[in-house]
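**Student:** Submitted below is the structure of interest, expressed as structure tokens.
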Amino acid sequence: MIEALVYLSGLVGLVLVPVIATRILLAGVPVPRALRPDGLLPPLIAARSAEIGRRVGALSLDAVGPLRELALALGPGDIATNVNAAFAAEREAILHRVATAHLGMMWRGLPGAAKVQFEDHLARTVPRAVDQAMAEIVASIDDLIDIPAMQERYFGARPRELARMVALVATPGFRSLMAVLPGLGLLPLLLPVFIPGAPSMLAGALLGYGASRLAIDWLFTPPPARWRHRLPARCFTPLLPARPMITTLYVDTVANESFRLDVVIDELVAGRGAIGTRAIVERRVAAIFARLPGGGLLNLVIPRRAMQGMIEAATTELLSLLQVTAREPDLVARCAERLRLRVRDKLDALDEMAFLGMQRNVLRSELPLMHGAVAGVFLAVGLAAALP
């Protein structure tokens, strides 16, 4: 009678392992308010959001990259066209700010006809320079942006959002494990219960570890084609039926959040790629100033330092214009839609094993914690059975 109760308690423990794992990983654990003001220990996913975000970035690049093709999917030509339109509207004001700051009275004293010549020169040369700079940025984007680091910062600043996303994907799997783990433990659990002793406790812990590994492997393994019509659908991983939902969630996250146009441009202009991006644009701006009307005479009357200052100021103006343009709702929406199509096509092209492997690798450091919990249940059952 006692052995039967211990055995049933072990099976209940195996049912509870995924429940507890769900709370620890995805929802958080209630704690006394004396320990935390909000009364909740954050979910492990949120606590490790930066590390998991880096993982997501590396996996996404493997699945939907290369990065240059992702950048092309945003539509650099469309972006350049919008930047040029914004420059055309601000051309006179930009020229006045740059020239006044570095030429002072010399600029103010120029005849209006001369200023018009400068404006016409910029109107002809800047759009081509912007197009060329955008093409060069795309060609060099692997050196300008580190996607894993970018995702690490993005999700590290949004731990709750990452926990919510992972919960949507992982919850069906954890629910299935509530049935799979006890099923796999039915026979192995007999050993520590009905053959008490240290050797059987150790053997039971190893069997429990193996059962947990087998359950996780089942969760991320597609069923053989020849079995699909012979067994009920619930015998197979729940992640495949949820694939359309998972794909849509991932596509929306990439297109509308983590790789949104303004996020990418900010990374290029003010983030890790700032120095390289500025060098590309400044080189194009310097070529424009080298061909200013009356350039030979200007070189004689304008100090080299002032000329370099104008080049740097004009570069800053164009980069600021790029950041402002990247926040225009219509442009952001068009870029997101192009990127959404690209990411969806790449994810849909993954075979089932690659798709499930991608989901598993998101939590590759966290899922093994369940193995220890299951082995602990077997040890506890063995210890309870061995007590007089």
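The values are calculated or read from the model by the stated rules, or taken from the named source; none is laboratory data. No experiment lies behind these values; they were computed from the predicted model shown. Glycine gets a Cβ as well: all are built from the backbone with ideal geometry, and neighbour counts include every protein chain shown. For accessibility, only protein heavy atoms count, side chains too; no ligands or nucleic acids. Shrake-Rupley method; radii C 1.70, N 1.55, O 1.52, S 1.80 Å.
**Student:** Which pairs have Cβ atoms under 6 Å, sit 6 or more apart or on different chains, and link a residue in the stretch 153-181 that is farther than 15 Å from G28 by Cα and at pLDDT below 85 to one that is open to solvent by 70 Å² or more (accessible area, probe 1.4 Å) and not in a helix (DSSP H, G or I)?
**Tutor:** Final answer for the pair search is none.
**Student:** Which residue pairs have Cβ atoms under 9 Å apart, sit 6 or more places apart or on different chains, and have a first residue in the stretch 270-282 that is under 17 Å from A314 (Cβ atoms) and open to solvent by 20 Å² or more (accessible area, probe 1.4 Å) and a second that is of a type in the set (F, W, Y) and modelled with pLDDT of 95 or more?
**Tutor:** none
**Student:** Moving on. Scan the stretch 283-331 residue by residue and report those that are more than 15 Å from L103 (Cα to Cα), at pLDDT 90 or above and open to solvent by 70 Å² or more (accessible area, probe 1.4 Å).
**Tutor:** Selection gives R283, R284, V324, R327, P329, D330.
**Student:** Working only within the stretch 223-252, note down all residues that are outside any loop (DSSP other than H, G, I, E, B), open to solvent by less than 20 Å² (accessible area, probe 1.4 Å) and either among the hydroxyl-bearing types (S, T, Y) or more than 30 Å from R340 (Cβ to Cβ) (or both).
**Tutor:** T247
**Student:** Give the stretch 19-59 a look and list any residue that's over 22 Å from M370 (Cα atoms) and either in contact with a Leu (Cβ under 7 Å, 6 or more places away or on another chain) or among the hydrophobic types (A, V, I, L, M, F, W, C) (or both), or say none.
**Tutor:** A34, L35, A58, L59, listed by residue number.
**Student:** Of the residues that sit in the stretch 130-174 and are of a type in the set (D, E) and under 28 Å from N84 (Cα atoms), which one is surrounded by the fewest Cβ atoms within 10 Å (Cβ to Cβ)?
**Tutor:** The qualifying residue surrounded by the fewest Cβ atoms within 10 Å (Cβ to Cβ) is D143.
**Student:** Between a first residue in the stretch 74-102 that is within 17 Å of Q132 (Cβ to Cβ) and a second residue that is at pLDDT 90 or above and polar (S, T, N, Q), which pairs have beta carbons less than 6 Å apart while being 6 or more apart in sequence or on different chains?
**Tutor:** N82/T325; V83/T325
**Student:** While we're looking at this one, here's another question. Within the set of pairs 6+ apart or on separate chains, which have a first residue in the stretch 3-23 that is among the acidic types (D, E), a second that is open to solvent by less than 20 Å² (accessible area, probe 1.4 Å) and in a helix (DSSP H, G or I), and C-beta atoms under 7 Å apart?
**Tutor:** Between residues of the stretch 3-23 that are among the acidic types (D, E) and residues that are open to solvent by less than 20 Å² (accessible area, probe 1.4 Å) and in a helix (DSSP H, G or I), the close pairs are E3/V193.
**Student:** Checking A113 against (1) open to solvent by 20 Å² or more (accessible area, probe 1.4 Å); (2) in contact (Cβ under 8 Å) with a residue 60 or more places away in the chain, only one condition comes out false. Which one?
**Tutor:** (2)
**Student:** Here's another thing I want to ask about it. Scanning the stretch 193-226 for residues that are among the aromatic types (F, W, Y) and in contact (Cβ under 8 Å) with a residue 40 or more places away in the chain, which turns out nearest to M358 (Cα to Cα)?
**Tutor:** The residue in question is F220.
**Student:** For the subset of the stretch 351-371 comprising residues that are at pLDDT 90 or above and open to solvent by 40 Å² or more (accessible area, probe 1.4 Å), which member is farthest from R243 (Cα to Cα)?
**Tutor:** The residue in question is N361.
**Student:** I would also like to ask the following. Give the stretch 250-269 a look and list any residue that's among the hydrophobic types (A, V, I, L, M, F, W, C) and at pLDDT below 90, or say none.
**Tutor:** Across the stretch 250-269, the qualifying residues are V254, A255, F259.
**Student:** Could you run through the stretch 175-222 and say how many residues are touching a Leu at 6+ places or on another chain (Cβ under 7 Å), more than 26 Å from L363 (Cβ to Cβ) and open to solvent by 20 Å² or more (accessible area, probe 1.4 Å)?
**Tutor:** Adding up the residues that qualify gives 3.
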